[in-house]
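Here's the structure, in structure tokens; my notes come after.
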Amino acid sequence: MSENKTIPNQLLPLQGAGGVIVVLGAGESGVGAAFLAQQQGYEVFVSDFGAIADHYKQQLIDWNIRFEEKQHTEEEILAAVEVIKSPGIPEKAPIIKKIKEKGISVISEIEFAGRYTDAKIIGITGSNGKTTTTSLTYHILKNAGLNVGLAGNIGKSFAYQVATEKFDLYVLELSSFMLDDMHRFKVDIAILLNITPDHLDRYDYKMENYAASKFRVTQNQTADDYFIFCADDPETIKGMAGRNFAAQQLPFSIEKKIETGAYLEEDNIVINVHKQHFQMSISDLALQGKHNIYNSMASGIAAKVLELRNPTIRDSMSNFKNIEHRLESVGKISGISFINDSKATNVNSTWYALESMTSDVVLILGGVDKGNDYSMLKDLVKQKVKAIVCLGKDNKRIHDAFEDLVEIIVNTYSAEEAVQVSYHLAKKGDTVLLSPACASFDLFKNYEDRGNQFKHAVKEL
């Protein structure tokens, strides 16, 4: 059987005593969840309304897991004892409405996998910085010799790791979409970095709905657990006002002194957690920029909660290499620096990127606009941006927002064209920054594809 052929449902009989688990979406999380469900004795059926990538299809074939693509067979799906839903499928999708009308439980891969592990969990969420903070926290713990896994919105699926590994501890990057379908799952150390407008199209364009989703990272916590949060973030503080938290609170701030938590004192990060003390100069951090001081503080507090040694934390924070597509230096051509920040899919991420720039910038912006409010970028654009190169099918809102601030705004429709135009607009000493503030799905498969095409185009100059 070729790897491109979907297995007809009738080829494999229903079996197993656990009932049928339906997995909606056959990406990394869905395929991992399917494997774990099968391992736990369930009959599994995977359904994806789109096409399934060849490598995931081959895994399902190898494991004898029934699946379909480019359709949802309702008769199969509505016979499930439980549905594990991909984070990308919205609540408003017709099939989800039908499942819920039938009273079938809908959960995330994280919720499902959490039932089958007793590992300690560090759960990290926030509108911005969560991938960096998750990667840095994992880096510190790994360097300390802990038996730790990395999962969630990053790396191999949590469910697949629970099925195949025996980690004592997991560091999970948790998006709001994942948190929405988590109910009984509990993290031992919850980190909430910030709350800024993002994905509001999924939350009825209401900030309070999106914030409520983020605060789910603290649900089910007890007095033995920890909640690490940014004391300088207005939406976080506003959201905390009407909520009760059972966990021990450990705030971090660069604006004020914090007794128990982390703060900035004369360019030094200071962390105090239950008689555990740590100090480090921000000039020694591998990650520079104001936003990365916050990320480093959050990771550092988690490390001290686990009572890791200061030299290990210090070494890890100074030798950490940031993830691909996040303020990633691509190289210098004719004295012009090219930076790939394709992972900046919202306005706040682009604000952070611009805030860390020290030269004049040619900014590549655009893509699928999720109801963006560009006003927060205006001051930084006025100070630092000499030209904007739009990369997207519909750039009207970018023109409307910035035409009075920037003399040159150019439309482009491919990464190659955007790079060529930017190169000609920049001069020696300038930076060409791809930091789109938008999702990528109009012209690219995902933000990785956008970033890779950008890097390829730079290398072709």
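The values are calculated or read from the model by the stated rules, or taken from the named source; none is laboratory data. The model shown is predicted, which means the values in this text are computed figures rather than measured ones. Glycine also receives a Cβ, built like all others from the backbone with ideal geometry; neighbour counts cover every protein chain displayed. Surface accessibility is based on the protein's heavy atoms, side chains included, excluding ligands, DNA and RNA. Shrake-Rupley method; radii C 1.70, N 1.55, O 1.52, S 1.80 Å.
Conditions (1) out of contact with any Cys (no Cβ under 9 Å at 6 or more places or on another chain); (2) over 21 Å from ALA286 (Cβ atoms), marked per residue:
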site: GLY126; (1), (2): no, no
site: SER135; (1), (2): yes, no
site: LEU141; (1), (2): yes, no
site: LEU146; (1), (2): yes, no
site: ALA151; (1), (2): yes, yes
site: LYS156; (1), (2): yes, yes
site: GLU173; (1), (2): yes, no
site: ILE189; (1), (2): yes, yes
site: ASN194; (1), (2): no, no
Quiz item: If a residue has to be open to solvent by 40 Å² or more (accessible area, probe 1.4 Å) and in contact with a Phe, Trp or Tyr (Cβ under 7 Å, 6 or more places away or on another chain) to count, how many in segment 403-422 make the cut?
Solution: 0
Quiz prompt | Condition met for ASN446 (free of Cβ contacts under 8 Å to residues at least 24 places away in the same chain and touching a helix residue (DSSP H, G or I) at 6+ places or on another chain (Cβ under 9 Å)) | solution = no
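Condition check ((1) surrounded by fewer than 18 Cβ atoms within 10 Å (Cβ to Cβ); (2) at pLDDT below 95; (3) over 21 Å from the mean Cα position of the chain (by Cα)) across all residues:
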residue	(1), (2), (3)
PHE320	no, yes, no
GLU328	no, yes, no
SER334	yes, no, yes
ASN346	no, yes, no
GLY371	yes, yes, no
MET376	yes, yes, yes
VAL381	no, no, yes
Exercise. Considering (1) touching a residue at least 12 places away in the same chain (Cβ under 8 Å); (2) farther than 18 Å from SER29 by Cβ; (3) of a type in the set (Asp, Glu), say which one GLU111 fails and leave the rest.
Key: (2)
Exercise. Please enumerate the residues belonging to segment 153-168 that are open to solvent by less than 60 Å² (accessible area, probe 1.4 Å), in a loop (DSSP other than H, G, I, E, B) and in contact with a strand residue (DSSP E or B) (Cβ under 6 Å, 6 or more places away or on another chain).
Key: ILE154, PHE167
Quiz item: Taking the stated definitions as given, is GLY114 open to solvent by less than 10 Å² (accessible area, probe 1.4 Å) and on the phi < 0 side of the Ramachandran plot?
Solution: no
Quiz item: How about segment 426-438: which of its residues are open to solvent by less than 10 Å² (accessible area, probe 1.4 Å) and hydrophobic (A, V, I, L, M, F, W, C)?
Solution: VAL432, LEU433, LEU434, ALA437, CYS438
Practice problem: Please enumerate the residues belonging to segment 405-447 that are charged (D, E, K, R) and under 20 Å from the mean Cα position of the chain (by Cα). | Solution: ASP442, LYS445
Practice problem: Might you check whether a residue that is crowded, with 24+ Cβ neighbours inside 10 Å, under 16 Å from the mean Cα position of the chain (by Cα) and more than 25 Å from ALA26 (Cβ to Cβ) occurs anywhere in segment 138-152? | Solution: yes
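Confirm whether ASN310 is open to solvent by 20 Å² or more (accessible area, probe 1.4 Å) and touching a strand residue (DSSP E or B) at 6+ places or on another chain (Cβ under 6 Å).
yes
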Practice problem: Find all pairs meeting these conditions: Cβ atoms under 7 angstrom apart; at least six residues apart or on different chains; first residue within segment 208-234 and on the phi > 0 side of the Ramachandran plot; second residue exposed (fewer than 15 other Cβ atoms within 10 Å of the Cβ) and not in a strand (DSSP E or B). | Solution: ASN220/ARG184
Quiz prompt | Single residue of segment 222-234 satisfying the filter (under 22 Å from the mean Cα position of the chain (by Cα) and in a loop (DSSP other than H, G, I, E, B)) that is surrounded by the most Cβ atoms within 10 Å (Cβ to Cβ) | solution = ASP233
Quiz item: Checking LYS70 against (1) under 18 Å from PHE177 (Cβ atoms); (2) open to solvent by 10 Å² or more (accessible area, probe 1.4 Å), which test does it fail?
Solution: (1)
Practice problem: Would you please list the contacts, defined by Cβ atoms under 6 Å and residues six or more apart or on different chains, that run from a residue in segment 62-81 that is under 17 Å from LYS97 (Cβ atoms) to a residue that is open to solvent by 10 Å² or more (accessible area, probe 1.4 Å) and part of a loop (DSSP other than H, G, I, E, B)? | Solution: HIS72/PHE49; LEU78/LYS102; ALA80/ILE104
Practice problem: Output the number of the condition that HIS399 fails; it satisfies all remaining conditions of (1) under 19 Å from ALA353 (Cα atoms); (2) free of Cβ contacts under 8 Å to residues at least 40 places away in the same chain. | Solution: (1)
